[in-house]
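Since the structure comes first, as C-alpha cells, the remarks are kept for the end.
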Amino acid sequence: SSTSCRPFLNRGWSGDSSLPDLLSICRGLRAPDGVYAVLGNHEFMWSDRECARHFESSGIRLMRNELTHLARGNERVALIGMDNLFNQSMKSIERQLAEIRNRPDCILLQHTPDMAPMIDAEFRGLMLSGHTHGGQIILPLVGQAATASRFGLRYSAGLYPVGKGVMYVTRGVGAVGVPFRIGCPPEVTILELSAETQATG
C-alpha cells in the first residue's frame, strides 16, 4: 500500500472496539508459514487469559517475547515477537535485545517504533511496527500535529534505517481518541522480501 497521506476523512477501527470483534475480521487470514501477532498497548487492557483465549480461537499465533523460525528449504530466518515496549519490565526488554543481538538478521515484531534506537548497530534484519497510526490527523496547510511516539514525527510512517537493517512503520487501520482519520488513510501493507545476492568473480 502506498504511504502517501492524501487529505480526506476516513473512519478507522476505533479504540472502543473489542478484541474479539477485531480478531473475527482477521480469523480468515491464512499464510504458508502461519499468521503471527504481538500485543500493542491497548491489548494490555485485557487480561493475559482473555488475550490468549481470543487469539487461540482466531487461529493467529500470539507471540509474547518469544522466538520461532521461518524456513525455506535449508534456510531459516528467526522471527522474534515482543510485547509492547512500554508494557514490560526493563529486565524483560534486555533479554529480548540480547536475542536480537544474537540473531541480527531476524524479523522483529514490535508494536511501537520507539524501540528502534535501542537496537544494536549490527542489526541487519527487518523490524515491523505500528502504533503511530501515521499521525491519524493530517490537516491541509497545517500538516501533521503529533503521533503517539515519544519521538514525535520521527517515526510516523514508512521505511526507516535501523542499524544496518530497516524498520517499516505501518499506518494501520486504527483510530484512537476520535474514531476517524483525516488526511491519513488506513493502510494494510504487503512487503515482499527477497534474498540478498552478491556478485562473484
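The values are calculated or read from the model by the stated rules, or taken from the named source; none is laboratory data. Keep in mind it's a predicted model, so treat the numbers as computed, not measured. Here the Cβ positions follow ideal geometry from the backbone for every residue, glycine too, while neighbour counts run over all protein chains shown. To get the accessible areas, we keep the full protein, side chains included, count just its heavy atoms, and leave off ligands, DNA and RNA. Shrake-Rupley method; radii C 1.70, N 1.55, O 1.52, S 1.80 Å.
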If unit charges are put on Cβ atoms (+1 for Lys and Arg, -1 for Asp and Glu) and the dipole of the stretch 135-200 is taken about its Cα centre, the option from I138, M167, C184 lying farthest towards the positive end turns out to be I138
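With a 1.4 Å probe and all protein chains in place, put R95, R64 in order of accessible area, largest first.
Details: R95 135, R64 75 Å².
So, going from the largest accessible area down, we get R95, R64.
Using the Cα centre as the reference, give the magnitude of the dipole from point charges on the C-beta atoms of the chain (Lys, Arg: +1; Asp, Glu: -1; all else neutral), rounded to the nearest 20 debye.
Working: 20 positive and 19 negative charges, 47 e Å.
My answer is approximately 220 debye.
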Applied in sequence order to the stretch 156-168, the curve 6.51 cos²θ - 1.76 cosθ + 1.60 (Karplus, θ = phi - 60°) yields integer Hz couplings, x standing for Gly and Pro, of 5, 5, x, 9, 9, x, 9, x, 9, x, 9, 10, 10
Under a 1.4 Å probe, counting only protein heavy atoms, S149 has an accessible area in Å², nearest 10, of 10 Å²
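Accessible area per residue for the chain in Å², computed with a 1.4 Å probe and the full protein assembly in place, what is it?
Values: 11520 Å² over 201 residues.
For the chain, the per-residue accessible area is 57 Å².
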Karplus ³J(HN,Hα) for the stretch 77-88 (6.51 cos²θ - 1.76 cosθ + 1.60, θ = phi - 60°; Hz, whole; x = Gly/Pro) runs 10, 6, 10, 10, x, 10, 4, 3, 3, 8, 10, 8
Once phi for every residue in the stretch 38-44 is put through the Karplus expression 6.51 cos²θ - 1.76 cosθ + 1.60 (θ = phi - 60°), the whole-Hz ³J(HN,Hα) values, with Gly and Pro written as x, are 10, 7, x, 5, 5, 5, 6
The long-range amide H neighbours of V162, using H built 1.01 Å from N in the peptide plane and a cut-off of under 5 Å, are M167
Counting only residues 5 or more apart in sequence or on a different chain, those whose built amide H sits under 5 Å from that of G174 are W13
Heavy-atom accessible area of I93, protein chains in place, probe 1.4 angstrom, given in Å² to nearest 10, is 10 Å²
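Among all stretches of the chain without exposed GluC sites (Glu not before Pro) (DSSP loop, at most 14 other Cβ atoms within 10 Å), which one is longest? Walk me through the numbers on the way to the answer.
Working: sites that count: E122, E192, E196.
Looking at the chain, 1-121 is the longest stretch - no exposed GluC sites (Glu not before Pro) with at most 14 other Cβ atoms within 10 Å.
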Label model pair L159, C26: point-to-point distance (7 angstrom along the Cα→beta-carbon line) in nm is 2.5 nm
The percentage of the accessible area of the chain (probe 1.4 Å, all protein chains present) made up of carbon and sulfur atoms, to the nearest whole number, is 54 percent
